[in-house]
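**Q** The structure is given below, and queries will be raised subsequently.
The values are calculated or read from the model by the stated rules, or taken from the named source; none is laboratory data. Bear in mind that the values here come from a model prediction, so they are computed numbers and not experimental data. Note that each Cβ is placed from the backbone with ideal geometry, even for glycine, and that neighbours are counted across all protein chains shown.
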Amino acid sequence: MISIPKGTKDVLPGESYKWQFIERKARLACKLRNFHEIRTPAFEHTELFTRSIGEDTDVVGKEMYTFLDKGNRSVTLKAEGTAPVARSFVENSLEAMSLPLKMYYITPVFRYENPQKGRLREHHQFGVEVYGGDTPYLDLEVISLAYDFLSELGVKDLSLNINNIGCPNCRKKYNAALKEYLSSRYDELCSTCKERFVRNPLRILDCKVPHCKEIVAEAPVITDYICDDCRAHTDKLCRLLTDSGIPYKIDPKIVRGLDYYTKTVFEFVTGSVGTVCGGGRYNNLVESVGGNPTPCVGFGMGIERLLYILDSEGIEIPNDDILDLFAVSQSPDQVDYCFRLCSVLRREGVACDTDLTGRSMKSQLKFANKIGAKYTVVIGGSEVDGGVCKLKDMSTGETCDVTISELAKTIKER
C-alpha cells in the first residue's frame, strides 16, 4: 500500500461539508465588503519568496519546498499567499484598476515543518489583500472582516493583539537600539540568531528557541522608536477599533515572521489554541517585486487550524450536504424510470439519487437510510401508470401521497 506523505491529509467525503461551510462563509464575508477572488499558481520562481519574505526568515531558510525543474530553473511550491498576489498585481498591471483593489484567496500552502494539530506541511489559507491605500481605515477594514468572520463561526475567547513595527526610517533607529542591547549577550544567542544579529536583528524577536525568547523578553520595544507618522497611524487605528466595538490590546512583541511587514501588524488569538489569524501592512512589498510603490494591508488564516479550533471548542458545523430524495425501484423494470425521474428533479433543484447497481428494494431502502436521505419514494408499476407516489420522511417514518409532477415542489416546501 502507498501511504499519504507525512504532513498531508485527505479530506474525506464525510467531512468535506465542513470545508465547504467555512469556504462559503469566507466568500460571503468578502462579497459583503466588495472583495474579489484572485487565484495564483501552486508554484512560483523561488526568487519571489526570497526577495519578499526575506532570506533570514524561517520560511525561506528552513520550510520552503524548492526544487529545480526540467529547465534547471529554481521553483518553489507556494509558501504563503501574499507574495504571489503582489507578483500578479505587478505582472498584470492591476494598478490600472480602480484602487483600492480588494482581493481574497483560498489556496493551498506548502511548508516543510514538523506536523502538529492544525498545522500541516500542505495546509490551506484564507487570506485577503487590499492594494492602494495607506489609511488606518483600510487596516480596520481587513481586521473587522476577520473579526466578524471568526465571531460568526462562534470562535470563543477571541482577542486581537496589535503592534506597529514602524516604517524603514524608524526601523533603523530601533535596529540600532536592539543590537546595542543584544551585543552584551551575543554569545548566548542560538547560531541562527547570531546570523540574524548581523543581517536583520528584528528577526531575533521571532525566534522560538526558549533561551533566545528569555533574552529578548527585556529588549527595547519598537513602539518607543516609531516616528510620529507611524504613531499617528496606530493611534487612529486604535480609536477606530474602539468605535467599532472590537476589543484589542497593544503587544509590542508582535513582529510577524516575514520581512515584508511595515507599520501595523496584528494577530487574532484564542484562549484554547493560540493564533488563528495574522496580518498587517506591507507597504514596500510591491516595490520589492518590481512594481511601483503601493501600500497594502491584509491577513491570512489557516483553514485546518480554524477547523481544529472549532472542533476543540465543541462548535458543530451544520451538515447541509444531505440528499433530498432517494428513488427506490421496486424491480429492475423501473430502474430506467427512476433514472429519468432523478434527471428531471435535479433540473428543478432537488438533490436526488437512485440505485444503479442492481440492489433489491430492501437493500435500496437500507442504503437510503445509511446515506441519510431526507425522503424516499418507491417506484413500481402502479406509480409509473398512475403518476402518484408515496413520499416517506426518513426521520419520522411518515408518508403522504404526492403526484410525481408535484414531487419537486412538495420537497422544496417542506
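**Q** Residues that are closer than 23 Å to Ile411 by Cα, at least 1 per element: which helices (runs of 4 or more DSSP H) completely within the range 293-385 meet that?
**A** 335-347, 361-370
**Q** In the set Glu95, Glu44, Glu37, Glu91, which member is in contact with a Pro (Cβ under 6 Å, 6 or more places away or on another chain), more than 22 Å from Asp311 (Cβ to Cβ), in the same structural domain as Met301 (by TED's automatic domain parsing) and among the charged types (D, E, K, R)?
**A** Details: Glu95 fails: in contact with a Pro (Cβ under 6 Å, 6 or more places away or on another chain); Glu37 fails: in contact with a Pro (Cβ under 6 Å, 6 or more places away or on another chain); Glu91 fails: in contact with a Pro (Cβ under 6 Å, 6 or more places away or on another chain).
Going through Glu95, Glu44, Glu37, Glu91 in turn, just one is in contact with a Pro (Cβ under 6 Å, 6 or more places away or on another chain), more than 22 Å from Asp311 (Cβ to Cβ), in the same structural domain as Met301 (by TED's automatic domain parsing) and among the charged types (D, E, K, R): Glu44.
**Q** Let me ask you something else. Residue by residue through the range 319-329, note down the ones that are polar (S, T, N, Q) and modelled with pLDDT of 95 or more. Even if it seems obvious, please write down each step before you answer.
**A** From the range 319-329, those polar (S, T, N, Q) are 319, 329; that's our starting set.
Listed by number, the list holds a single entry, Ser329.
**Q** Out of all the residues in the range 27-40, is one or more in a strand (DSSP E or B) and closer than 29 Å to Asn292 by Cα?
**A** In the first step, residues of the range 27-40 are kept if they are in a strand (DSSP E or B); the result is 36-37.
Within this subset, residues satisfying the condition of being closer than 29 Å to Asn292 by Cα are 36-37.
Checked the range 27-40: at least one residue is in a strand (DSSP E or B) and closer than 29 Å to Asn292 by Cα.
**Q** Additional query: With respect to Pro84, determine if the residue is surrounded by 22 or more Cβ atoms within 10 Å (Cβ to Cβ), more than 13 Å from the chain's Cα centre (by Cα), in the same structural domain as Leu285 (by TED's automatic domain parsing) and not β-branched (Val, Ile, Thr).
**A** It is true that Pro84 is surrounded by 22 or more Cβ atoms within 10 Å (Cβ to Cβ), more than 13 Å from the chain's Cα centre (by Cα), in the same structural domain as Leu285 (by TED's automatic domain parsing) and not β-branched (Val, Ile, Thr).
**Q** When you look at Gly132, is it in contact with a Pro (Cβ under 6 Å, 6 or more places away or on another chain), within 24 Å of Thr262 (Cβ to Cβ) and assigned by TED's automatic domain parsing to the domain that holds Thr294, yes or no? Explain how you work it out, then say what you get.
**A** Working: in contact with a Pro (Cβ under 6 Å, 6 or more places away or on another chain): yes; within 24 Å of Thr262 (Cβ to Cβ): yes; assigned by TED's automatic domain parsing to the domain that holds Thr294: yes.
Spelling it out, Gly132 is indeed in contact with a Pro (Cβ under 6 Å, 6 or more places away or on another chain), within 24 Å of Thr262 (Cβ to Cβ) and assigned by TED's automatic domain parsing to the domain that holds Thr294.
**Q** Within the range 401-414, count every residue that is surrounded by 11 or more Cβ atoms within 10 Å (Cβ to Cβ) and more than 44 Å from the chain's Cα centre (by Cα).
**A** Here the count works out to 2.
**Q** For Leu94, are the conditions met, namely being surrounded by fewer than 17 Cβ atoms within 10 Å (Cβ to Cβ) and of a type in the set (A, V, I, L, M)?
**A** No: the conditions fail for Leu94.
**Q** Quickly run through the range 349-364 and pick out the residues that are touching a strand residue (DSSP E or B) at 6+ places or on another chain (Cβ under 6 Å) and either among the hydroxyl-bearing types (Ser, Thr, Tyr) or not assigned by TED's automatic domain parsing to the domain that holds Thr376 (or both).
**A** The one that is touching a strand residue (DSSP E or B) at 6+ places or on another chain (Cβ under 6 Å) and either among the hydroxyl-bearing types (Ser, Thr, Tyr) or not assigned by TED's automatic domain parsing to the domain that holds Thr376 (or both): Thr354.
**Q** Something else: Going by the structure shown, is Gly278 within 27 Å of Lys62 (Cβ to Cβ), free of Cβ contacts under 8 Å to residues at least 24 places away in the same chain and assigned to a strand (DSSP E or B)?
**A** Yes, satisfied.
**Q** Related question: Does Glu47 fit the bill of being at negative phi, outside any loop (DSSP other than H, G, I, E, B), surrounded by 15 or more Cβ atoms within 10 Å (Cβ to Cβ) and in contact (Cβ under 8 Å) with a residue 12 or more places away in the chain?
**A** no
**Q** Would the range 61-79 turn up any residue that is without any contact (Cβ under 8 Å) to a residue 24 or more places away in the chain, part of a loop (DSSP other than H, G, I, E, B) and under 30 Å from Leu323 (Cα atoms)?
**A** Scanning the range 61-79, I find no residue that is without any contact (Cβ under 8 Å) to a residue 24 or more places away in the chain, part of a loop (DSSP other than H, G, I, E, B) and under 30 Å from Leu323 (Cα atoms), so the answer is no.
**Q** OK, next. Quickly run through the range 176-196 and pick out the residues that are touching a residue at least 24 places away in the same chain (Cβ under 8 Å) and not in a helix (DSSP H, G or I).
**A** Correct list: Arg185, Leu189.
**Q** So, one more: Just give me the residues in the range 246-268 being closer than 20 Å to Glu129 by Cα and either part of a strand (DSSP E or B) or not assigned by TED's automatic domain parsing to the domain that holds Leu158 (or both), in sequence order.
**A** Listed by number, the residues that qualify are Thr262, Lys263, Thr264, Val265, Phe266, Glu267, Phe268.
**Q** Another question, if that's okay. Would you check if Leu12 is surrounded by 14 or more Cβ atoms within 10 Å (Cβ to Cβ) and not small (Gly, Ala, Ser)?
**A** The answer is no for Leu12.
Every residue, every condition in (1) surrounded by 14 or more Cβ atoms within 10 Å (Cβ to Cβ); (2) assigned to a helix (DSSP H, G or I); (3) within 28 Å of the chain's Cα centre (by Cα), yes or no:
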site	(1), (2), (3)
Phe126	yes, no, yes
Glu141	yes, yes, yes
Ala146	yes, yes, yes
Glu152	no, yes, yes
Tyr174	yes, yes, no
Ile204	yes, yes, yes
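**Q** So which residues in the range 206-250 are of a type in the set (Asp, Glu) and surrounded by fewer than 17 Cβ atoms within 10 Å (Cβ to Cβ)?
**A** Within the range 206-250, Glu214, Glu218, Asp224, Asp228, Asp229, Asp235, Asp243 meet the criteria.
**Q** Something else now. Show the residue pairs that are 6+ apart or on different chains and have beta-carbon atoms under 9 Å apart, the first residue being within the range 140-168 and at positive phi, the second being outside any helix (DSSP H, G or I) and β-branched (Val, Ile, Thr).
**A** Gly154/Ile315; Asp157/Val269; Asp157/Thr270; Gly166/Ile226; Gly166/Thr262
**Q** Would you check which residues across the range 336-365 are buried (at least 18 other Cβ atoms within 10 Å of the Cβ) and among the aliphatic types (A, V, I, L, M) and list them?
**A** Once the filter is applied, which keeps residues that are buried (at least 18 other Cβ atoms within 10 Å of the Cβ) and among the aliphatic types (A, V, I, L, M), the range 336-365 yields Leu341, Leu345, Val350, Leu365.
**Q** Looking only at the range 206-221, filter to residues that are under 30 Å from the mean Cα position of the chain (by Cα) and not in a loop (DSSP other than H, G, I, E, B); which one of those is nearest to Ala176 (Cα to Cα)?
**A** Applying the first criterion (under 30 Å from the mean Cα position of the chain (by Cα)) to the range 206-221 yields 206-210, 213.
Pick out the ones that are also not in a loop (DSSP other than H, G, I, E, B) and you get 206, 210, 213.
Values: Asp206: 17, Pro210: 24, Lys213: 19 Å.
Restricting to residues being under 30 Å from the mean Cα position of the chain (by Cα) and not in a loop (DSSP other than H, G, I, E, B), the top hit is Asp206.
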